[in-house]
1. If I ask for residues that are part of a loop (DSSP other than H, G, I, E, B), surrounded by 15 or more Cβ atoms within 10 Å (Cβ to Cβ) and either at pLDDT 90 or above or aliphatic (A, V, I, L, M) (or both), which ones from the stretch 37-76 would you list?
2. Only one of these conditions is not met by Leu164: (1) without any contact (Cβ under 8 Å) to a residue 24 or more places away in the chain; (2) within 19 Å of Val47 (Cα to Cα); (3) assigned to a loop (DSSP other than H, G, I, E, B). Which number is it?
3. Please enumerate the residues belonging to the stretch 165-181 that are buried (at least 19 other Cβ atoms within 10 Å of the Cβ) and farther than 17 Å from Val89 by Cα.
4. In the set Leu117, Leu123, which member is hydrophobic (A, V, I, L, M, F, W, C), farther than 16 Å from Phe81 by Cα, in a strand (DSSP E or B) and at pLDDT 90 or above?
5. Mind listing whichever residues of the stretch 136-155 are assigned to a loop (DSSP other than H, G, I, E, B) and of a type in the set (S, T, N, Q)?
6. Only one of (1) at pLDDT 70 or above; (2) under 23 Å from Ala166 (Cβ atoms); (3) β-branched (Val, Ile, Thr) fails for Ile31. Which number is that?
7. Does the stretch 112-134 include one or more residues that are surrounded by fewer than 17 Cβ atoms within 10 Å (Cβ to Cβ), of a type in the set (S, T, N, Q) and under 17 Å from Lys183 (Cβ atoms)?
8. Among the residues of the stretch 143-155, which ones are in contact with a Lys or Arg (Cβ under 6 Å, 6 or more places away or on another chain) and polar (S, T, N, Q)?
Amino acid sequence: MNLRNLGLSAAIVITSFSAFSSSGECATTRIWRGQSTHALPRTTEGVHTSPAREQYLQLRKAYQLSKIFPKSKQTGDVPEFEIVAAEGVSAEYSLPAWNVYETPKVKISGIGPSGLLAATAILPVSGHAGRQNAIQWSSVDTYNVFMTDSAGNRRDLVRNGRSLKAVTFQDLEIQLEAGRTVKIFYERSGSGGVGGFSSGRTVELTWDGT
């Protein structure tokens, strides 16, 4: 469900995916998304997922594509990047309406004492410069994903990642701090960085320590 299209000034949805694969174990992103996903660099399994979680990711991808390539005009818009927590993690998303320039906020619980959040970022190109530019950027862009901790220290999560399609899935591992907020930023080489649309290129994550 696309909460931004409901005309609300703000919306909250709690997402906790609990469906499992037929084998009884959490499936992994490699099974479901193939060539549209960059897996975690230090692992081979990827972020734990499920059919229900993958369906949600595909719905969010479809929303982003509708902003990049609108049917009624040649020039699209700049969809926000999003972060979806791994299977089994509880995430409460506070999503402002699409045209309200506020940073999305996510409350995280259920990741265990390590504080390490596995998640998938949904990374769109921008449609603001027209359809042809968006198509070109889909295959030639590179992107960075980085975070700042509660003290303002920067840490790179992905550097010079390669755009795979108009919407790229990127698996992440994010070190959270109990009771504190960290910020995740997304910037691209050709199609929109943090400065041009800060609220759509930033997500705030707060972990309750569980």
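The values are calculated or read from the model by the stated rules, or taken from the named source; none is laboratory data. Predicted, not measured: the structure shown is a model, and the values here were computed from it. Because the Cβ atoms are built from the backbone with ideal geometry, glycine has one as well, and the counts that use them run over all protein chains shown.
1. Matches in the stretch 37-76: Ala39, Leu40, Val47, Phe69.
2. Unmet for Leu164, out of (1) without any contact (Cβ under 8 Å) to a residue 24 or more places away in the chain; (2) within 19 Å of Val47 (Cα to Cα); (3) assigned to a loop (DSSP other than H, G, I, E, B): (1).
3. Ala166, Val167, Thr168, Phe169, Gln170
4. From the options Leu117, Leu123, the qualifying one is Leu117.
5. Passing the criteria: Ser150, Asn153.
6. (1)
7. no
8. Across the stretch 143-155, the qualifying residues are Asn144, Thr148, Ser150.
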